[in-house]
Amino acid sequence: MPKEQHPTCAKCGKRVCEPRIGAKETPPLAEAPPFCPMKLHSPVLEQVLSEYEKPEVREFARLASIQEFECYERTPAGLRTKIPRIEELIQFAHKCDFKKLGLAFCLGLAREARTLTEILEYQGFEVVSVCCKVGAVPKEKIGLRPEEKIAGPERWESMCNPIAQAEILNAEQVDLGILLGLCVGHDTLFIKYSRVPLTVLAVKDRVTGHNPLAALYLSSSYYRRLLGQTELGG
Ligand code: SF4
């Protein structure tokens with residue numbers, strides 16, 4: 001039986017979804033690979049187009065794309081990037097006329113959360129923030145054994161409480177939630193329970209200064225173990 005095809009854009013070398021053609025030409029979709037989602041899920045693609053016809057969705061998507069455009073500049077030397085993500089976030093929030101921002105942060109990034117709050121307030125936003133340990137619920141509540149606590153079996157350790165973070169930002173009716181440094185899994189729960197629009201300023205990576213792609217860039221050398229190779233790079 002032939003293997004079932006799944007969308008695998010990450011392995012595509014054709015990229016006919018972003019062809020280098022003139023604005024009035026037609027993308028050569030027939031040349032897409034067999035695993036292309038444009039071939040495997042064409043009804044979905046048809047269906048989502050009607051979502052963009054909803055005025056509020058269309059406007060949000062339009063502003064997001066204008067923001068994307070404004071992150072570049074054309075110079076005599078070519079196209080260049082212009083601003084860091086934090087400015088992208090500030091500009092986009094102003095474009096959307098957001099007034100009240102909600103920061104969901106990890107206590108391990110408390111300093112960053114304070115600085116971010118100062119910046120966002122200086123930029124004219126009202127900022128609500130909720131740290132991951134909110135509720136002061138002991139980890140035993142979700143079934144952790146004493147030896148599974150980071151601080152040690154004898155110490156109190158509050159569990160991360162992403163559901164509470166999400167529900168508090170929902171109750172505060174923030175215009176935009178911002179994730180700052182939540183752990184893997186805790187961020188999953190936060191996103192699941194959030195009912196406000198979200199963006200991510202940074203994700204947690206304890207060993208790379210919160211830059212998870214650093215390990216990916218080093219996956220052919222110092223992090224070869226990620227691909228099953230044990231030998232260290234030189
Ligand atoms: S959408 Fe199709 S053409 Fe575009 S990257 Fe994915 S597989 Fe390739």
With all protein chains present and a 1.4 Å probe, the order of Arg224, Arg206, Arg74, Arg85 from largest accessible area down is Arg74, Arg206, Arg85, Arg224
Using a simple spin-label model with points 7 Å from Cα along the Cα→Cβ vector, what separation in nm is obtained for Glu31 and Asn211? 3.6 nm
Highest GNM mean-square fluctuation among Val184, Val16, Val127, for the chain with Cα springs under 10 Å, belongs to Val16
Here the stretch 207-217 yields Karplus 3J(HN,Hα) values (6.51, -1.76, 1.60; θ = phi - 60°; whole Hz; Gly and Pro given as x) of 10, 10, x, 6, 10, x, 6, 4, 5, 5, 5
Which ³J(HN,Hα) values, rounded to whole Hz and listed in residue order, are derived for the stretch 136-146 from phi using the Karplus coefficients 6.51, -1.76 and 1.60 in 6.51 cos²θ - 1.76 cosθ + 1.60 with θ = phi - 60°, glycine and proline given as x? 6, 8, x, 4, 4, 4, 9, x, 6, 7, x
Using protein chains only and a probe of 1.4 angstrom, how many square angstrom of Val203 are accessible, to the nearest 10? 60 Å²
Might you work out the accessible area of Asp97 for me, using a 1.4 Å probe with all protein chains in place, and round it to the nearest 10 Å²? 100 Å²
Could you give the distance between the Cα centres of the stretch 30-84 and the stretch 164-225, to the whole Å? 23 Å
If ligands, DNA and RNA are left out, what is the accessible area of His94 with a 1.4 Å probe, given in Å² to the nearest 10? 90 Å²
Show which lysines lie in cross-link reach of Lys54 when reach means a straight Cα distance below 30 angstrom and same-chain residues fewer than eight apart are skipped. Lys24, Lys39, Lys95, Lys99, Lys100, Lys192
What number comes out for accessible area per residue over the stretch 105-158 if the probe is 1.4 Å? Units Å², please. 67 Å²
Placing one identical point scatterer on every Cα of the chain and ignoring solvent, what is log10 I(q)/I(0) from the Debye formula at q = 0.17, 0.18 Å⁻¹? -1.35, -1.36
Count charges around Arg62 for me, please; just the other residues with Cβ under 14 Å from its Cβ, Lys/Arg as +1, Asp/Glu as -1. -4
Give the ranking of Ile83, Ile142, Ile178 by solvent-accessible surface, highest area first, calculated with a 1.4 Å probe. Ile142, Ile83, Ile178
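The values are calculated or read from the model by the stated rules, or taken from the named source; none is laboratory data. Computed from a predicted structure; not experimentally measured. No Cβ is skipped: glycine too gets one built from the backbone with ideal geometry, and neighbour counts run over all protein chains shown. Accessible surface is based on the protein model in full, side chains and every heavy atom, while ligands, DNA and RNA are left aside. Shrake-Rupley method; radii C 1.70, N 1.55, O 1.52, S 1.80 Å.
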